[in-house]
Amino acid sequence: MKIKVARCAGFCFGVKRAINIVEGALRGLKDGEKIYSLGALIHNPQVVEELFKKGLRVAARPEKIKSGTVIISSHGAPAEVLEEIKKKKVQLIDATCPFVKYAQNIVRKLKKDGYRIIIVGDSAHPEVRALNSIAGKSKRSKKLGIISQTTQSKVNYIKEIQKILNKDFSEVKIFNTICSDTSKRQSATRGLLKDCDLMIVIGGKNSANTKRLWQICKESGVDSFHIETEPELKKGWFKGKSCIGITSGASTPDSMVKKIIERIRRF
Ligand code: SF4
């Protein structure tokens, strides 16, 4: 049985950056001082747990925070939440991924120029909620600007754009805001699907980009399982399989990918 690992397994650039920022802040923590991330710093429960042990607390809403330091996650935060935090006596550290910031800046510019804005993505995801808050209420305009969540699949985005283009607009601006890490991970996963008869997708069950990878695998018809940790593996999945593909979401640490490969080898 062969095991093939996708080229871009492990943390993406934006997640590495956010974790470095938090670890730097935790190192400088004074006695009695508290550091909070607004929502989970990244969508990986095991990494969030590790950071909790080092002192990072997660606050679901800003009203829960009275003092200390607040870290904005890699997904960004809605404009009204940022305003609320700025009114408090807290230090604000922004760990929003630069790819997410790029998408936010496009939305700001489209809004300023009077475009109606469409964001293709999961409306409940923190990144899309932040983008929506910048876009504000939809304008009645014949000019349309379309952007996507950074972790959207290119295939889905193109499908949605085609549907939108059937409507009547005088001008349409389309931006490719899918981040390069997401595109590389998705194409590396598609590459594995050509050779493998079983795919293991590793990453948080709450991670949008991991769920996209799993969706790509399932749609291909190859047997695929989405897991977070090695105890979830089942020996029976590997019976009669000749090539196992391993791919992982952007917030999955290398160490978890290695643990899972070791467990599969023992099978
Ligand atoms: S997946 Fe892309 S947009 Fe999201 S944190 Fe990583 S690099 Fe940034």
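So what is the relative contact order of the chain, in percent, for Cα pairs below 8 Å that sit 6 or more residues apart?
23
Please get the size of the charge dipole for the stretch 13-96, origin at its Cα centre, with Cβ charges of +1 on Lys and Arg and -1 on Asp and Glu, quoted in debye to the nearest 20. Walk me through the numbers before you get to the answer.
Working: 15 positive and 10 negative charges, 45 e Å.
With Lys and Arg at +1 and Asp and Glu at -1, about 220 debye.
Could you tell me which of LEU110, ALA130, TYR157 has its Cα farthest along the dipole of the stretch 41-161 towards the positive end, charges placed at Cβ (Lys, Arg +1; Asp, Glu -1), taken about the Cα centre?
Of the options given, the answer is LEU110.
Which order do peptides 24-32, 90-98 fall in by mean Cβ count within 10 Å, highest first?
Details: 24-32: 10.3, 90-98: 17.1.
Averaged packing, sorted descending, gives the order 90-98, 24-32.
Between PHE267 and GLU23, what is the label-point separation in nm under the 7 Å Cα-to-beta-carbon projection?
3.0
Alpha carbon centre of the stretch 231-267 versus the stretch 59-104: separation in Å?
35
Relative to the present Cα-Cα distance, how much length would full extension add between ILE3 and LYS142 at 0.36 nm per residue of separation?
Extra length available between ILE3 and LYS142 comes to 44.9 nm.
What are the ³J(HN,Hα) couplings of the stretch 64-71, residue after residue, when phi is run through the Karplus curve with 6.51, -1.76, 1.60 and θ = phi - 60°? Round to Hz, x for glycine and proline.
Listing the rounded values in order: 6, 9, 9, 7, x, 10, 10, 10 Hz.
Of the DSSP beta bridges with both residues in the stretch 13-96, give the percent that are antiparallel, rounding to the nearest 5.
On the way: 0 of 12 bridges.
Taking every DSSP beta bridge within the stretch 13-96, about 0 percent pair in antiparallel fashion.
Quick one: putting +1 on the C-beta of Lys and Arg, -1 on the C-beta of Asp and Glu, what dipole do you get for the stretch 99-174 around its Cα centre, in Debye to the nearest 20? Walk me through the numbers before you get to the answer.
On the way: 17 positive and 6 negative charges, 68 e Å.
Charge dipole, the stretch 99-174, about its Cα centre: 320 debye, nearest 20.
How big is the dipole moment of the chain about its Cα centre under a simple scheme where the beta carbon of each Lys and Arg is +1, that of each Asp and Glu is -1, and everything else is neutral? Debye, nearest 20, please. Display every interim value, and only then the final one.
Numbers: 52 positive and 26 negative charges, 77 e Å.
Computed about the Cα centre, the dipole is about 360 debye.
Go ahead and run the numbers for FRET between PHE238 and LYS205, Cβ-Cβ distance against an R0 of 35 Å, rounding to 0.05.
Numbers: r = 22 Å, r/R0 = 0.61.
Calculated value: 0.95.
For the chain, what does the helix formula give at 222 nm: sum of -39500 (n - 2.57) over DSSP H segments with n ≥ 4, over the residue count, nearest 500 deg cm²/dmol? Don't jump to the answer; show the numbers that get you there.
Working: 9 runs with 112 residues, N = 267.
Helices in the chain give a 222 nm mean residue ellipticity of -13000 deg cm²/dmol.
For the stretch 167-255, what relative contact order do you get, as a whole percent, if you take Cα pairs closer than 8 Å and at least 6 residues apart?
Numbers: 115 pairs, mean separation 33.6, N = 89.
It rounds to 38 percent for the stretch 167-255.
VAL172's amide H: which non-local residues (gap 5+, or another chain) put their own amide H closer than 5 Å, with H modeled 1.01 Å from N in plane and none for Pro or chain starts?
Correct list: LEU144.
Where is the GNM fluctuation largest for the chain (alpha-carbon springs, 10 angstrom cutoff): ARG108, ARG129, ARG140?
The residue that fluctuates most here is ARG140.
Report the label-to-label distance for GLN162 and ASP122 in nanometres (one decimal), using points 7 Å from each Cα along the Cα→Cβ vector.
That separation, rounded to one decimal, is 2.4 nm.
Coordinate-derived values only; no laboratory data. On a predicted model such as this, the values are computed, not experimentally measured, just so you know. Neighbour counts run over all protein chains shown; Cβ positions are idealised from the backbone, glycine included.
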